[in-house]
Every structure is written in structure tokens, then in C-alpha cells.
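Chemist: One structure, pasted below without further comment.
Just so it is clear, none of the values below were taken in a lab; they were calculated from the coordinates. Not measured: the values here are computed from a predicted model. Here the Cβ positions follow ideal geometry from the backbone for every residue, glycine too, while neighbour counts run over all protein chains shown.
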Amino acid sequence: MRAANAINIEDLRTLAKRRLPRMVFDYIDGGADDEQTLRANTQRFRDRELLWNVLVDVSDIDLSISVMGVKSPLPFILAPTAAQRLFHPHLGELAAARAAAAHEAVYAVSTVATQTLEDIAAAHPGPKIFQLYVWKNRALLEGILERAKAAGYTGLVLTVDLPAMGNRERDPRNGFTVPVQLNAKTIPQALAKPAYLIDLVRGGPAEPANFNTAGQKDALDRENGRFDPSITWEYLAWLRSVWDGPLGVKGMARPDDARRALDAGVDAVWISNHGGRQLDTCPASIDTLEPIAKAVDGQAEIILDGGVRRGTDIVKAYALGADAVAVGRAYLYGLAAGGEAGVARAIEILRCETERAMALMGRRSLSELNAADVIER
Ligand SMILES: Cc1cc2nc3c(=O)[nH]c(=O)nc-3n(C[C@H](O)[C@H](O)[C@H](O)COP(=O)(O)O)c2cc1C
């Protein structure tokens, strides 16, 4: 099977597993500790059932959204994910950005992307969001907001669920680190996937591309993947004072924090548990949506990610109060399976599934969905 023939996201996952060395597949696919939250993120969507209305004219369905000041015809955006050249060594983020651009998808770019934010912007002239991680060594981030603005990123998102790295046990088991070290554990995994290995050797090491001066590289090595654990609400307030475009805060799970984010002046509260990669045993994202939507009460947009693999998941999120839905692994499996064509396939699958689910629900636009459309088993 080729990525273009994948019928659903699970097919793309199977293809990604076939193509990638186990350690790289597990880095995408895995979660923290016992992976309870990782499983819950998808399971809790499935635990909810949809109730439809009949005899509604659904010949025209509008899936468009408006989020953080930009519009997209698609009902989902692409979440920021690190190191995409690990998953597609040749182009990484550029392949994802091109597919996103062709579908007018909003693409969120990680601080630790393996292509420069300027090159990604050239590949995706449409709406883009820049995601920020903060290191202790602030010199690393010097000028990055100005660069993002100059390159046309309209929205900025601060990710706040990573004061420590989640305990992702598949990684040490596989001997996996970013960047990949060649050793007795990793070499056999790489040799088992020669096509991937050839791409990797051709493409060169997948390193954070936005910090490429000698001084920055050195500082990055010293930070050793750790982000500043001391940042607080004051940092968010400072960001608000220096970023004049739409600002979001990503990694939210509680109504009290959502209210504090409103006080800090954010435009978007991004509900996320990092795809189950950080604090394990926290609730599935979808379970935290309704209380947060109640607390936010329309004063900011609500973006939700975590466990979205089907159009029906997307429909449920809008019904329960999301203003936008983001997907991570769904498009990363596509990227690994087939580069730009694989991401395009992931986007098409989710778009078609959502459109079909809307027709079957008797709903013509996402705003027509409401909590009464969803029942919990
Ligand atoms: C491989 C991988 C790398 C990620 N890297 C980042 C990142 O650099 N910044 C960030 O804010 N979130 C990152 N995330 C989290 C995603 O933005 C998103 O919250 C998560 O993937 C949503 O869950 P889903 O994969 O079930 O859709 C990453 C997720 C994955 C799977």
C-alpha cells in the first residue's frame, strides 16, 4: 500500500511503522509512563456517541474555521511537532508545509523544527502559527519573535506543559535520543530500514534549524533538551506585551488556569496534554473541554488537540465547545509514510470523514453542532 491509497489514519500509521526504524516510530507513537493518557485521548472520543437529525438539507456543508486571526476551509489545524526531518529525512517540515499550503491548512511550527522558520514560511505562504519553547539561556531565543513576525507567522503559541520532559519509556528502551546517537541499540534498528537510512544519510543530521550559529549550537547542546522550568504567568504577560498578534497558550487542562490565561490577555486557550507525552494519568483532552469552555465563556478561542484520528472525533470536539481542533500524530504518520503526499492524504482523509459525519448528523456548519449531539456511554 502507498500513502496515497490509505483509507484511514490507521493505515498511514501502519505504513509509517513499516518505513521508520522502530525508535523513530516509537518516538512519534509513544507516550509517557504507562501511556494511560495516550490511550485515553483516543478512547474517550470513542466513549462518546453521536445523535443525528434527519431530513436536513446537507447538500452544502461548510467546514471552515477562523482561529487566531486566520481562516481555513478545513475543520482542523496542524499542531506543532518537533524534528520532522527525523520522520521524513529529506524535507521534514517543508513536506508538511507544502501539503498544508495546498489544502489551505493552518500550520503550526515548532521552535525545534528541523527546517528554518523562514524556509517553512516560503513553503507555506498561507496562515501559520509559531510555537514557542523557552530555554534558560534566553540568548537562544534572541530575535526569534522578530524573525517569526517578519516571515509572516501571524499567531504565536507558548507551550506550557513541558516544565520537565515527560517520561517516555519507549525511548531509552530503544536507545533513542534527539539527535540520534549511533550505538549497539540504534544501529540494528536503522539497518533494518535501509530506505530510511539512505534518506537520513543524504539529508544530514536532523537538528534544530533555527539556532544555527556556532554560539547557539553550543548553547543548545548545554541546555541538553531541557526547557526553562522556572517560567511563570509573568512570562506569558511579558509575551503579551511584546507580541501584538494573536497569542495562544498551549497545554491547558484546568478552568482555573484558563481564567488566568484570560487575565493575561491571551486570544486562544489551547487544551492539550501534549498527546499523552507529558503528565501521565491526566484526563483525556476531550474530558477537559466542557469545563474549560464554560470558564472561558467565549472570551477567548478554544483549540483542542489529543487523540483526534477520525472525522467523528472532530465533530465531537466542536459539539462540546471547541473553536478549532488540532491534529499531531495523524499528519505525522502521513509524513513518515509518504512525505508531502502522505500529509496531503492525512488531510484529505480527515476532511472527507468530517464532511461525511456532518452530513450524517444533519449539520451544515460546525457552529450548528452542540452538546446535545453527543452522549456519553
Ligand atoms: C512527535 C511529536 C512531537 C511533538 N513536538 C511538539 C513541539 O515541538 N511543540 C509542541 O508544542 N507540541 C509538540 N507535540 C504535541 C503536539 O503539538 C500535540 O499537542 C499532540 O500531538 C496532539 O495529540 P495527537 O498526536 O494525539 O493528535 C508533539 C507531539 C508529537 C507526537
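Chemist: Could you pull out which residues in the range 116-139 have an amide N less than 19 Å from a spot 7 Å beyond the Cα of H90, following the Cα-Cβ vector?
Modeler: Correct set: 116, 120, 123-124.
Chemist: Which FRET efficiency value, to the nearest 0.05, do you get for K185 and D256 by plugging their Cβ-Cβ distance into 1/(1 + (r/R0)^6) with R0 = 51 Å? Kindly include the intermediate steps, with their values, before the conclusion.
Modeler: On the way: r = 43 Å, r/R0 = 0.84.
Rounded to the nearest 0.05, the efficiency is 0.75.
Chemist: If I stretch the segment between R138 and A4 completely, what's the gain in nm (0.36 nm per residue apart, minus their alpha carbon distance), one decimal?
Modeler: Values: separation 134, 0.36 × 134 = 48.24 nm, distance 4.26 nm.
That works out to 44.0 nm of additional length.
Chemist: So, one more: Calculate one ³J(HN,Hα) per residue across the range 361-377 by plugging θ = phi - 60° into the Karplus curve 6.51 cos²θ - 1.76 cosθ + 1.60, and present them in order as whole Hz with x for glycine and proline.
Modeler: Coupling constants for the range 361-377: 7, x, 10, 9, 9, 4, 6, 7, 7, 8, 4, 5, 7, 10, 10, 9, 5 Hz.
Chemist: Still on this structure, please answer the following. Order of 251-262, 205-216, 316-327 by packing, highest average Cβ count within 10 Å first? Intermediate values should be presented prior to the final figure.
Modeler: Numbers: 251-262: 18.6, 205-216: 16.0, 316-327: 25.3.
Going by the mean number of other Cβ atoms within 10 Å, highest first, we get 316-327, 251-262, 205-216.
Chemist: Would you mind calculating the gained length between D218 and R147 on full extension (0.36 nm times residue separation, minus the Cα-Cα distance), in nm to one decimal? Each step should come with its number before you reach the end.
Modeler: Details: separation 71, 0.36 × 71 = 25.56 nm, distance 2.07 nm.
Taking D218 through R147 to full extension adds about 23.5 nm, to one decimal.
Chemist: Still on this model: Where Lys and Arg each count +1 and Asp and Glu each count -1, what net charge lies around A324 among other residues with Cβ under 10 Å from its Cβ? Numbers along the way, then the final one.
Modeler: On the way: positive: none; negative: E301, D305, D323.
Net charge in that neighbourhood comes out at -3.
Chemist: What is the spread of the Cα atoms of the range 236-355 along each of their three principal axes, largest first, in whole Å?
Modeler: 42, 30, 30
Chemist: Here is a further query. Just flag the chymotrypsin sites (Phe, Trp or Tyr not before Pro) in the range 15-101 sitting in loop per DSSP whose Cβ has no more than 16 other Cβ atoms within 10 Å. Spell out each step's value before the answer.
Modeler: On the way: sites: F25, Y27, F45, W52, F76, F87; in loops: W52.
Taking the range 15-101 and a limit of 16 other Cβ atoms within 10 Å, the loop chymotrypsin sites (Phe, Trp or Tyr not before Pro) found are W52.
Chemist: Here is a further query. Regarding the chain, what are the three Cα extents along the principal axes, ordered largest first, in Å?
Modeler: 61, 50, 39
Chemist: Across the chain, how many lysine pairs, 8 or more apart or on two chains, come within less than 21 Å at their alpha-carbon atoms?
Modeler: 15
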